[in-house]
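S.K.: One structure, as C-alpha cells, below. Some questions next.
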Amino acid sequence: MADEGDVLANLDNIAPNGADTQPVAGIISQYVRDLSVENPKAPESFQWRDQPQMDVQFNIGAKVISDELSEVELKITATSKTAQGTAYIVDLAFCGLVGMRNMGEDQKHAFTYAEAPRILFPFARRIIADAVRDAGFLTPLLLDPIDFAGLYVQQLQARDAAAQGAPAPEAQN
C-alpha cells in the first residue's frame, strides 16, 4: 500500500517552491466494507404481486485516520415488505477514504458530512440496485437522490437550536 503522504500528494499540484497552501479535498479510494443481502422468502417472494412497502434508512459516519485523512462511511439499509412478508433486505456499508489538506475544521466537517457522501452515493446506489437484481428480483431498487448538503444544513440548525434551548426546525422532505 502506498504511503499516505504519496496518496495525498495526488490530490493537488504542489507548487515548485513548496507553497502548497491552497485548500484541497478529494476521494482517494472507495470500497464496500460490508454488504448483506437477505432473500428470506425465496422462491415464494418472486411470485408476490402486491406493491411492496419500502423502508430505506441511511447514516453517515466518519473516522479520522490522520490530520489529512478520514474514512467516511455511508450506511444504507433497504427493506422491501408486502402483506406476505419480507421480500428482501439489503444492508450496505460503503466507505470512502477522504484526503483533506489546508482546510479549517468547519470546511473539513462540511466536506466529510455533506460533499463526500454526495460523491459516494451514486456508487452505493448502483451496488444496491445490482444486489436486488442479483437476489433474483426483476426490478432493481433505484434509490432516489439524497440532498446531503440540505440534510447537513438541517443538522447544523438542529444542533445550534438544541445548544440554545430552542425547538429544532422541522425537517424538510
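S.K.: Can you compute 3J(HN,Hα) from phi for each residue in the range 98-109, using the Karplus curve 6.51 cos²θ - 1.76 cosθ + 1.60 with θ = phi - 60°, rounded to whole Hz and x for Gly and Pro?
M.R.: Each residue's phi maps through the Karplus curve to give 10, x, 9, 9, 6, 10, x, 4, 5, 5, 4, 4 Hz.
S.K.: Excluding residues fewer than 8 places away in the same chain, name every one of the lysines whose C-alpha is closer than 23 Å to that of LYS81.
M.R.: Candidates past the 8-residue exclusion: LYS41.
S.K.: Give me Rg over Rh for the range 84-147, both radii from the alpha carbons and Rh done the Kirkwood way, two decimal places.
M.R.: Numbers: Rg = 15.7 Å, Rh = 13.9 Å.
Result for the range 84-147 is an Rg/Rh of 1.13.
S.K.: Excluding residues fewer than 8 places away in the same chain, name every one of the lysines whose C-alpha is closer than 22 Å to that of LYS63.
M.R.: Result set, ordered by chain and number: LYS75, LYS108.
S.K.: Can you list, bin by bin at 10 Å, the percent of alpha carbon pairs in the range 61-173, starting at 0?
M.R.: Computed distribution, short to long bins: 12, 33, 30, 19, 5, 0.
S.K.: For the range 92-157 and the range 60-88, compute the distance between their C-alpha centroids and round to whole Å.
M.R.: Measuring centre to centre over Cα atoms gives 9 Å.
None of the figures in this text is laboratory data; all of them are computed from the coordinates on show. None of these values were measured; they are calculated from a predicted model.
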